[in-house]
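Asker: Sharing a structure below in structure tokens format, with a few things to ask.
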Amino acid sequence: MNKGYFALWIIGIVVFIFDIRIVASLLRKGDERKHMIILKSGCFSFIVVIISLTLKCLTFLLGPILNIQFDNYTNHSDDFFSLTFAVVTFLFAVRYNRNKMGD
């Protein structure tokens, strides 16, 4: 197996473990403030990602109609950027909500 694919499998497994931990922490009874912080951060990052994807679709659809040339990269690095953008948005939202709600 190629080293790059092995690294992607390792990263995927680590992200999956973190996802399971987040879901398990939400299902646990107890501190509702932590639940609210994670839920608010998730909602905010979801809204930001949906807005960015909508803008990307609009530029894809309206570019040929208005004869506007956008830089389109064909190496599919945009998918990795979108995932990184979503994660960073979530982390900043968690940090903001923790400071706001006093955790």
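The values are calculated or read from the model by the stated rules, or taken from the named source; none is laboratory data. Keep in mind the model is a prediction, meaning the values are calculated, not measured. Counting neighbours? That spans all protein chains shown, and the Cβs are built from the backbone with ideal geometry, glycine included. Surface areas here come from the heavy atoms of the whole protein model, side chains and all, with no ligands, DNA or RNA. Shrake-Rupley method; radii C 1.70, N 1.55, O 1.52, S 1.80 Å.
Asker: What number comes out for accessible area per residue over the stretch 1-99 if the probe is 1.4 Å? Units Å², please. Before the final figure, lay out the partial values.
Answerer: Numbers: 8780 Å² over 99 residues.
So the stretch 1-99 comes to 89 Å² accessible per residue, rounded to a whole number.
Asker: Please report the relative contact order for the chain, taking Cα pairs under 8 Å with a sequence separation of at least 6, and give it as a percent rounded to a whole number. Don't jump to the answer; show the numbers that get you there.
Answerer: Numbers: 35 pairs, mean separation 43.5, N = 103.
RCO, the chain: 42 percent.
Asker: If I build a Gaussian network model for the chain, linking alpha-carbon pairs within less than 10 angstrom, which residue out of PHE16, PHE85, PHE44 has the largest mean-square fluctuation?
Answerer: PHE16
Asker: Still on this structure: Report the residue, chosen from VAL87, VAL23, VAL49, that carries the largest GNM mean-square fluctuation when the chain is represented by alpha-carbon nodes joined by springs under 10 Å.
Answerer: Highest fluctuation among the options: VAL23.
Asker: Among all helices in the chain defined by DSSP H, which have a length of 15 Å or more along the axis from Cα atoms plus a Kyte-Doolittle mean of at least 1.6? Could you put the intermediate results ahead of the total?
Answerer: Working: long enough: 3-27 (36 Å, 1.89); 32-66 (49 Å, 1.38); 77-101 (36 Å, 0.34).
Helices meeting the criterion: 3-27.
Asker: Determine the share of the chain's accessible area contributed by carbon and sulfur atoms, expressed in whole percent, with a 1.4 angstrom probe.
Answerer: Values: 6480 of 9090 Å².
Carbon with sulfur: 71 percent of the solvent-accessible area.
Asker: What number of lysine-lysine pairs in the chain show an alpha-carbon separation below 29 angstrom, given a sequence spacing of 8 or more or placement on distinct chains? All intermediate terms of the calculation are to be shown ahead of the outcome.
Answerer: On the way: LYS29/LYS40; LYS29/LYS100; LYS34/LYS100; LYS40/LYS56; LYS40/LYS100.
The number of close lysine pairs in the chain is 5.
Asker: Might you report the magnitude of the Cβ-based charge dipole of the chain about its Cα centre, with Lys and Arg at +1 and Asp and Glu at -1, to the nearest 20 debye?
Answerer: Working: 11 positive and 7 negative charges, 106 e Å.
Approximately 500 debye in magnitude.
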